[in-house]
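The values are calculated or read from the model by the stated rules, or taken from the named source; none is laboratory data. On a predicted model such as this, the values are computed, not experimentally measured, just so you know. Here the Cβ positions follow ideal geometry from the backbone for every residue, glycine too, while neighbour counts run over all protein chains shown.
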Amino acid sequence: MLKNDELGIQAYRELRKMIIHGKLAPGQKIIQEKLAAQMGISRTPLRVALHMLEAENLIEPKNKTGFKVKTIDDKEILEIFDCRIALESTAAGILAKNYTPAEAAKLRRFFHPPEDGQEEDYEAYKKTDTQFHNFIVEKCKNNYLYKLFKQGNLITYIERIGLIRPPEETLQDHLDIVEAILDRDGEAAEKAMKSHLTKSREVIEKKLMHAMNQNT
């Protein structure tokens, strides 16, 4: 029989997927009795899972004892992108100088131009995008940089926010980043990553400015 902590970890993983994929919507109240019954567990391991999700900033307190799914507004997304630009651009530049043959092979496998007439699989591309950005930060071999990336839960935010721009707009960006890294051109790799993330940030900034103008 699994212990409460083990059940809690399993529940955390399941609930995390539900939040990332929108099955638990932003702002939605967490009804603990319903979730516990749905998952076939008691309230004790569910509370373990909820506290793990709270630590990851995926849910937040509601009233005194409840929780709701955290909503990420456009202002927060801009702040997240500011952090990503600083960390991921630096990571790309570092990785260009110290990648291994195995890492080079992995980088080459991430993205490929679609064949003529073939549409990009959006969900598959979204998953690859998340893996690609995490890979660059993880493999740059700067432990402090990766620690900051993890402590800020940036990979979780990447998953939750999803694609800001469609694959047809970002594929070439990704290929340019890979090419610069494989050329061991740290300056070009850093510049390519910064350009890629800045263009996505600008989309959110324009959306935020439009909303502000609509309200004035």
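Of the helices (runs of 4 or more DSSP H) entirely within segment 135-216, those holding at least 2 residues that are polar (S, T, N, Q) and closer than 26 Å to Arg13 by Cβ occupy 143-151.
Determine whether Asp116 is of a type in the set (D, E, K, R), modelled with pLDDT under 90 and touching a helix residue (DSSP H, G or I) at 6+ places or on another chain (Cβ under 6 Å). No, not satisfied.
Of all residues in segment 10-25, none satisfies being in contact (Cβ under 8 Å) with a residue 40 or more places away in the chain and under 28 Å from Arg184 (Cα atoms). Helices (runs of 4 or more DSSP H) fully within segment 1-68 that include at least 3 residues being closer than 19 Å to Ile155 by Cβ and not polar (S, T, N, Q): 4-20, 43-55.
Evaluated against (1) surrounded by fewer than 16 Cβ atoms within 10 Å (Cβ to Cβ); (2) at pLDDT 95 or above; (3) basic (Lys, Arg), Lys62 falls short on exactly one condition, (2). The set of residues from segment 72-124 being surrounded by fewer than 12 Cβ atoms within 10 Å (Cβ to Cβ), part of a loop (DSSP other than H, G, I, E, B) and without any contact (Cβ under 8 Å) to a residue 40 or more places away in the chain comprises Asp73, Thr100, His112, Glu115, Asp116, Gly117, Gln118, Glu119.
Of the residues Thr156, Thr128, which is touching a Phe, Trp or Tyr at 6+ places or on another chain (Cβ under 9 Å), surrounded by 16 or more Cβ atoms within 10 Å (Cβ to Cβ) and not acidic (Asp, Glu)?
Numbers: Thr156 fails: touching a Phe, Trp or Tyr at 6+ places or on another chain (Cβ under 9 Å).
Testing whether each residue is touching a Phe, Trp or Tyr at 6+ places or on another chain (Cβ under 9 Å), surrounded by 16 or more Cβ atoms within 10 Å (Cβ to Cβ) and not acidic (Asp, Glu) leaves just Thr128.
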